[in-house]
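K.L.:
Take a look at this one; I'll ask things after.
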Amino acid sequence: MNILYFELLKLRKKSRGWLGPILVFILIMTAFPLTVEFLNEDLEQAFFSILWIAVLLVMMLATEDIFLEDYNDGSLEQLVIHTESLSFVIGVKILIYWALIGIPVSLIGSIYCLGITSSFEMALLIFPVLLISSYIFLNLFCFGNSLTLTKGSVLGTLITMPLLLPLLVVLGKVVIAINLGLNYFDFLILLLGVLSIIIVIIPLIISFVIRAHLE
Amino acid sequence: MTMTYLIKAENLSYKINEKKLFQNISFEVNSNSAIHITGSNGSGKTTLLRIILGISKPTRGTVETNLTSGMCYLGHKNALKQYLTVEDNLILQSIQHNKALDTLLKDIDLYDKLDVVVSNLSFGQQKKIALLKVFLNESELLVLDEPCVGLDGKAQNFLTSFLQEELAKNKSIIFSSHINLNLDAKSINLDN
Amino acid sequence: MIKKFIHQFASPKTYLKQVDRAYSYIFFTSLSIYLIAIFWGLFLTPEDFVQGHSYRIIYLHVPASFISQSLYLGMAFASAIFLIWKVKLSAYLVRSIAPIGAMTTFIALVSGSIWGIPTWGTWWAWDARIISTLILFIMYLGLISLHDSFTNNEKADKFLAILVLVGSVNIPIIKMSVEWWSTLHQSASITITQKPAIDPSMLYPLFASAIGFTGLVVCLVILSSKFHILDRERNKSWVKDYV
Amino acid sequence: MFNFAFSSMSEAILMESQNGQNHGIYVWSVFLIVFGALILTFIIYKNKIRNLSKKIK
């Protein structure tokens, strides 16, 4: 549990790391209606695509620095020497980032959803989808950014985005399913299944990658 | 009776981009001994230390370890968070605030710097804080990569006497350094 | 045992020797097959009832799009071999296949979109297979830029192999999901399980052109791998003898 | 199976289909792109290998 405490201690003093992405998310969600002519229908149609892309973008920004800082100041090599289970530490680290960024972003996203569709049910149903998808995004961007650790997040995004396309398709279908009152829970189970696989595999791959980086 | 060793390296070779860095380095680290790795810039001192630590893998050769309480490593990177205070950094390195720490901080002139953010300290002061972990370690093998860089004369003397004490306490040290520390150490030169 | 065998067989030196011997045979055979097939396809086959003559693009388009996916599969195999047995040759192969893969994907993409103009009335449709081909193209370019951004080649090889493997899990998922998202593209002309949907007289030249094109792409991979092997092993003594 | 689909060269270039459209431009532009890309790649790699060999020598 030391990891949890240490990470929180670091993030407390580094608010740009977690508050920054949340604020950027709010900015995007506030700015996009300005680009659409003010008709509620148009807004509603554009809303969900903007929402998913904004979540994706924010998760990308959030993970930019997740391993780079530790790599640069040498704490990563100390971690590799002193911990037995690097992948567990990485998993916990991603979890903390999700708790600090993913959950608030999901909440704010649902609030915006309520504001724009003015349907309480929609907002309620979209919230768990946001939670799960933001966690998956976070994991995959962590993977991409760990590969391109010292080479900047543009390359990381370039190689991660293609991996995320299927998820975007599913998210689009979820919105249709909610609108039509169809199999929403099937989608939720599908997303949870994907998440449970990713949670296990991605930290393992990342720990392998990080060891290779330090070599 | 067989000699017990802490680290046994045999025929280590390392290549980067198909270029040889060093070849056929063999040595043993026994308890209560020091090894001084020398060599010109770019001869692979840091790489050799990292191979001993298990971070890097040698192109050829093996490293066997026989440690019970792990090693303590200080490299070029000091593992300090620049945006945190000295005190927070000590917490991150699991160093308890106790009397031993206080006397140590006074010895190296950093007692009044606990509340200062690390990025406001000089390079040498940062190095001293990183060394605190070494001074307070409880592992049987110290691996130090250029520990003297940036230290003033007083701190260098302190470090040397500390290392001598450690050796007397049956601990082992592997270090790389351009400066000859006053230690009874076997030296390995990587230049040939 | 297996490991020793692979390492002996897969030394870049023996690989280059074998490949040099085979190169001209493969090149001239596949070139003649390809030219004959294209001639056959473009002049001798009858006009398609629905699409008119524009269907002749099939002989140029389908081999490229088939190869572009097969090359990725090849890269995935090579990556797995590299990560499991640490065979350097396969790391070189992964790196040298990537640009050829990008080239064939580019051909598939451009020829497909030109084919779309007379057939669908638009050069770009938001269609499943176009999108997944485009994504494949970007993935190839991403792989190349990932490898090139590292100065330490050993690291670059490792990361490239990991990304290729992760991507290979994802490519069928991308295809499935995009197909699920929308479909407009004619269903695949040839499938393994079903009887082909096109006339045999149109099918034979298609097979021939696929074989010929594959041979030419193999030649390109050989050239590219030769370049990368010589580049990476330039400090070794055998390279100086070889050159 | 082996009858020419076109009776003259110009017909083969135009490729007028039954619906009256000329498809030649599409087919031949694809043809040029495919062969161009292949030839270009061959030349590029041959050149690269030659330059590298010179450098190594």
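The values are calculated or read from the model by the stated rules, or taken from the named source; none is laboratory data. What you are looking at is a predicted structure, and each value in this text was computed from that prediction instead of being measured. Ideal geometry is used to build each Cβ from the backbone, glycine not excepted, and the neighbour counts take in all protein chains shown.
K.L.:
Only residues that are hydroxyl-bearing (Ser, Thr, Tyr) and either surrounded by fewer than 19 Cβ atoms within 10 Å (Cβ to Cβ) or outside any helix (DSSP H, G or I) (or both): list them for segment C:32-49, please. Step through it out loud before you land on a result.
P.N.:
The first filter runs over segment C:32-49 and keeps only residues hydroxyl-bearing (Ser, Thr, Tyr), leaving C:32, C:34, C:45.
Result: C:32, C:45.
K.L.:
Regarding residue B:143, is this residue part of a helix (DSSP H, G or I) and touching a strand residue (DSSP E or B) at 6+ places or on another chain (Cβ under 9 Å)? Write out each step before concluding.
P.N.:
On the way: part of a helix (DSSP H, G or I): no; touching a strand residue (DSSP E or B) at 6+ places or on another chain (Cβ under 9 Å): yes.
Against the criterion (part of a helix (DSSP H, G or I) and touching a strand residue (DSSP E or B) at 6+ places or on another chain (Cβ under 9 Å)), residue B:143 does not qualify.
K.L.:
Filtering segment C:3-12 down to residues that are loosely packed, with under 15 Cβ neighbours inside 10 Å and in contact (Cβ under 8 Å) with a residue 40 or more places away in the chain, which residue is nearest to the chain's Cα centre (by Cα)? Quick ask: steps written out before the conclusion?
P.N.:
Of the residues in segment C:3-12, the ones loosely packed, with under 15 Cβ neighbours inside 10 Å are C:3-5, C:7-9.
Imposing the further condition that a residue be in contact (Cβ under 8 Å) with a residue 40 or more places away in the chain reduces the set to C:3, C:7.
Numbers: C:3: 28, C:7: 25 Å.
Result: C:7.
K.L.:
Across segment C:1-31, which residue is nearest to residue C:208 (Cα to Cα) among those that are assigned to a helix (DSSP H, G or I) and of a type in the set (S, T, N, Q)? Don't jump to the end; show me each part of the working.
P.N.:
Of all residues in segment C:1-31, those assigned to a helix (DSSP H, G or I) come to C:2-9, C:12-31.
Among the residues that remain, those that are also of a type in the set (S, T, N, Q) are: C:8, C:14, C:18, C:24, C:29-30.
Numbers: C:8: 35, C:14: 31, C:18: 26, C:24: 19, C:29: 12, C:30: 9 Å.
Taking the candidates together, the pick is C:30.
K.L.:
Moving to a separate point now. With the condition kept exactly as written, say whether any residue in segment A:26-46 is within 14 Å of another protein chain (Cβ to nearest Cβ), out of contact with any helix residue (DSSP H, G or I) (no Cβ under 7 Å at 6 or more places or on another chain) and of a type in the set (S, T, N, Q).
P.N.:
Here is the first cut: in segment A:26-46, the ones within 14 Å of another protein chain (Cβ to nearest Cβ) are none.
Looking through segment A:26-46, none of the residues is within 14 Å of another protein chain (Cβ to nearest Cβ), out of contact with any helix residue (DSSP H, G or I) (no Cβ under 7 Å at 6 or more places or on another chain) and of a type in the set (S, T, N, Q).
K.L.:
For segment C:50-65, enumerate the residues that are in a helix (DSSP H, G or I) and more than 12 Å from residue C:101 (Cβ to Cβ).
P.N.:
Filtering segment C:50-65 down to residues in a helix (DSSP H, G or I) leaves C:53-65.
Across segment C:50-65, the qualifying residues are C:53, C:54, C:55, C:56, C:57, C:58, C:59, C:60, C:61, C:62, C:63.
K.L.:
Quick check on my filter: what residues within segment D:6-52 are under 19 Å from the mean Cα position of the chain (by Cα), surrounded by 13 or more Cβ atoms within 10 Å (Cβ to Cβ) and among the small types (Gly, Ala, Ser)?
P.N.:
Passing the criteria: D:12, D:24, D:29, D:37.
K.L.:
With respect to residue C:85, is the statement that it is of a type in the set (Phe, Trp, Tyr) and surrounded by fewer than 20 Cβ atoms within 10 Å (Cβ to Cβ) true?
P.N.:
On the way: of a type in the set (Phe, Trp, Tyr): yes; surrounded by fewer than 20 Cβ atoms within 10 Å (Cβ to Cβ): yes.
Judged against the criteria, residue C:85 is a match.
K.L.:
Out of the residues in segment A:131-157 that are aliphatic (A, V, I, L, M) and touching a Leu at 6+ places or on another chain (Cβ under 8 Å), state the one that is surrounded by the most Cβ atoms within 10 Å (Cβ to Cβ).
P.N.:
Initial filter on segment A:131-157 (aliphatic (A, V, I, L, M)): A:131-132, A:136, A:138, A:140, A:147, A:149, A:154-155.
From the residues that got through so far, the ones that are touching a Leu at 6+ places or on another chain (Cβ under 8 Å) too are A:132, A:136, A:140, A:147, A:149, A:155.
Working: A:132: 21, A:136: 23, A:140: 23, A:147: 27, A:149: 21, A:155: 18.
In this case the residue turns out to be A:147.
Condition check ((1) over 19 Å from residue C:107 (Cβ atoms); (2) modelled with pLDDT under 80; (3) of a type in the set (Phe, Trp, Tyr)) across all residues:
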site: D:14; (1), (2), (3): yes, yes, no
site: D:17; (1), (2), (3): yes, yes, no
site: D:20; (1), (2), (3): yes, yes, no
site: D:24; (1), (2), (3): yes, no, no
site: D:37; (1), (2), (3): no, no, no
site: D:42; (1), (2), (3): no, no, yes
site: D:45; (1), (2), (3): no, no, yes
site: D:54; (1), (2), (3): yes, no, no
site: D:57; (1), (2), (3): yes, no, no
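K.L.:
Condition test on residue A:87, is it crowded, with 16+ Cβ neighbours inside 10 Å and assigned to a helix (DSSP H, G or I)? Talk me through it step by step, then tell me what you get.
P.N.:
On the way: crowded, with 16+ Cβ neighbours inside 10 Å: yes; assigned to a helix (DSSP H, G or I): yes.
Yes, satisfied.
K.L.:
Do the conditions hold for residue C:67, that is, is it closer than 18 Å to residue C:165 by Cβ and in contact (Cβ under 8 Å) with a residue 40 or more places away in the chain?
P.N.:
On the way: closer than 18 Å to residue C:165 by Cβ: no; in contact (Cβ under 8 Å) with a residue 40 or more places away in the chain: yes.
For residue C:67, the condition - closer than 18 Å to residue C:165 by Cβ and in contact (Cβ under 8 Å) with a residue 40 or more places away in the chain - is not met.
K.L.:
Next up: Tell me, which helices (runs of 4 or more DSSP H) wholly within segment C:72-184 include 2 or more residues that are at positive phi and more than 7 Å from every other protein chain (Cβ to nearest Cβ)? Write out each step before concluding.
P.N.:
Details: elements: C:88-120, C:128-148, C:153-181.
No helices (runs of 4 or more DSSP H) qualify here.
K.L.:
For the condition of a type outside the set (Ser, Thr, Tyr) and away from chain C (no Cβ under 13 Å), what is the one hit in A:167, A:204, A:192? First the steps, then the outcome.
P.N.:
Details: A:167 fails: away from chain C (no Cβ under 13 Å); A:204 fails: away from chain C (no Cβ under 13 Å).
So the residue among A:167, A:204, A:192 that is of a type outside the set (Ser, Thr, Tyr) and away from chain C (no Cβ under 13 Å) is A:192.
K.L.:
With respect to residue B:118, determine if the residue is buried (at least 18 other Cβ atoms within 10 Å of the Cβ) and either among the basic types (Lys, Arg) or at pLDDT below 90 (or both).
P.N.:
Working: buried (at least 18 other Cβ atoms within 10 Å of the Cβ): yes; either among the basic types (Lys, Arg) or at pLDDT below 90 (or both): no.
Considered against the rule, which asks whether it is buried (at least 18 other Cβ atoms within 10 Å of the Cβ) and either among the basic types (Lys, Arg) or at pLDDT below 90 (or both), residue B:118 comes out as no.
K.L.:
Looking at A:171, A:155, which one is under 17 Å from the mean Cα position of the chain (by Cα) and either basic (Lys, Arg) or in a helix (DSSP H, G or I) (or both)?
P.N.:
Working: A:155 fails: under 17 Å from the mean Cα position of the chain (by Cα).
It is A:171.
K.L.:
Of all residues in segment B:16-30, count the ones that are within 14 Å of another protein chain (Cβ to nearest Cβ) and touching a Lys or Arg at 6+ places or on another chain (Cβ under 9 Å).
P.N.:
To start, the set of residues in segment B:16-30 that are within 14 Å of another protein chain (Cβ to nearest Cβ) comprises B:16-21.
Now narrow it down to the ones that are touching a Lys or Arg at 6+ places or on another chain (Cβ under 9 Å): B:17-18, B:21.
So the count comes out to 3.
K.L.:
Separate question: Take segment C:30-47 and flag every residue that is among the aliphatic types (A, V, I, L, M) and either more than 9 Å from chain D (Cβ to nearest Cβ) or in contact (Cβ under 8 Å) with a residue 24 or more places away in the chain (or both). Lay out the reasoning, then the answer.
P.N.:
Going residue by residue through segment C:30-47, those that are among the aliphatic types (A, V, I, L, M) are C:31, C:33, C:35-38, C:42, C:44.
Scanning segment C:30-47 gives C:31, C:33, C:35, C:36, C:37, C:38, C:44.
K.L.:
So in segment D:10-46, with the set limited to residues that are over 30 Å from residue C:24 (Cα atoms) and small (Gly, Ala, Ser), which one is farthest from the other protein chains (Cβ to nearest Cβ)? Don't jump to the end; show me each part of the working.
P.N.:
Taking segment D:10-46 as the starting set, the residues that turn out to be over 30 Å from residue C:24 (Cα atoms) are D:10-26.
Applying the additional criterion that residues be small (Gly, Ala, Ser) yields D:10, D:12, D:17, D:20, D:24.
Details: D:10: 13, D:12: 6, D:17: 3, D:20: 9, D:24: 7 Å.
The selected residue is D:10.
K.L.:
Filter segment A:170-189 for residues that are facing another protein chain (nearest Cβ under 8 Å) and free of Cβ contacts under 8 Å to residues at least 12 places away in the same chain and give the result. Before the answer, list the steps.
P.N.:
Residues of segment A:170-189 facing another protein chain (nearest Cβ under 8 Å): A:170, A:172-173.
Hits for segment A:170-189: nothing passes.
K.L.:
Now for a different question. Could you look through segment C:214-243, keep only residues that are crowded, with 19+ Cβ neighbours inside 10 Å and among the charged types (D, E, K, R), and pick out the one that is modelled with the highest pLDDT?
P.N.:
So, considering only residues that are crowded, with 19+ Cβ neighbours inside 10 Å and among the charged types (D, E, K, R), the one modelled with the highest pLDDT is C:226.
K.L.:
Okay, next question. If the requirement is being surrounded by fewer than 19 Cβ atoms within 10 Å (Cβ to Cβ) and either within 27 Å of residue B:38 (Cα to Cα) or of a type in the set (Ser, Thr, Tyr) (or both), which of these qualifies: B:170, B:98? Give the steps one after another, and end with the answer.
P.N.:
Details: B:98 fails: either within 27 Å of residue B:38 (Cα to Cα) or of a type in the set (Ser, Thr, Tyr) (or both).
Within the list B:170, B:98, the selection yields B:170.
K.L.:
A further question follows. Just the residues that are within 11 Å of another protein chain (Cβ to nearest Cβ), assigned to a helix (DSSP H, G or I), of a type outside the set (Asp, Glu) and free of Cβ contacts under 8 Å to residues at least 60 places away in the same chain, please, taken from segment B:45-89.
P.N.:
B:47, B:50, B:51, B:89 - these are the residues of segment B:45-89 that are within 11 Å of another protein chain (Cβ to nearest Cβ), assigned to a helix (DSSP H, G or I), of a type outside the set (Asp, Glu) and free of Cβ contacts under 8 Å to residues at least 60 places away in the same chain.
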